[in-house]
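Data block below; observations after.
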Amino acid sequence: MSEQDWSAFACPNPDCPAYGHKGQGNLRPHGWSSKARNLRCLRCTTCGTHFSQRAGTPLFGTHLPQDKAVQLAQHLAEGNGLRATARLCGVSLNTVFRFARRAGDHAREFHEQMVQHVEVNQVQVDEAWAFVGKKGQAL
């Protein structure tokens, strides 16, 4: 994404008419949200709301660099334990706890938003039984 391309972002203010609409041309750069000048603040010209480019993500309000957060997410997704992830990524255990909680909450909210009006009428348990049944067989 180029420096001037803000089309991937949308206003996070629920009261704004442009709320959630990406690529409306209503966002302008408005300073920086970190001393390292790597996180851009944006302003919605429709409602005047100021927000970080991390707004609406699990990284909002954290000091984690994006590459470290991606590394944490990859280790957790692979099934590594929290302590092992902390050691492998070189962060504290509490950082891993907080990130896992934030990422999990964000994933749950995303899932609830995207998966709606789904009714399950039939469940096929044969696959699950085949897996469990095979475990009980003697070879």
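Derivation of every value follows stated rules applied to the coordinates shown; laboratory data play no part. Just so it is clear, the model here is predicted, and its values are computed rather than measured. All Cβ positions, even for glycine, are placed from backbone atoms using ideal geometry, and neighbour counts span all protein chains on display.
If I take every Cα pair under 8 Å that is 6 or more residues apart in the stretch 1-123, average their sequence separation and divide by the length, what percent do I get for the relative contact order?
Once normalised by length, the contact order is 13 percent.
Given a cut-off of under 8 Å on Cα pairs at least six residues apart, what relative contact order in percent is computed for the stretch 58-116? All intermediate terms of the calculation are to be shown ahead of the outcome.
Working: 28 pairs, mean separation 19.9, N = 59.
Averaging sequence separation for qualifying contacts and normalising by length gives 34 percent for the stretch 58-116.
Residue by residue through the stretch 101-118, what is 3J(HN,Hα) from phi via Karplus (6.51 cos²θ - 1.76 cosθ + 1.60, θ = phi - 60°)? Round to whole Hz and write x for glycine and proline.
5, 4, 5, x, 4, 5, 5, 5, 4, 4, 4, 5, 6, 8, 9, 9, 6, 10
So for SER92, SER33, fewest C-beta neighbours within 10 Å to most, what's the order?
Working: SER92 10, SER33 20.
Ordered by Cβ neighbours within 10 Å, fewest first: SER92, SER33.
What order, most packed first, do the peptides 21-27, 102-108 have when packing is the mean number of other Cβ atoms within 10 Å of each residue?
Packing proxy ranking, top to bottom: 21-27, 102-108.
Provide VAL70, VAL120, VAL91, VAL96 in ascending order of the number of other Cβ atoms located within 10 Å of each residue's Cβ, fewest first.
If I rank by nearby Cβ atoms, fewest first, I get VAL120, VAL70, VAL91, VAL96.
Name the long-range amide H neighbours of TRP32: under 5 Å, sequence gap of 5 or more, or other chain; modelled H, no Pro or chain starts.
CYS41
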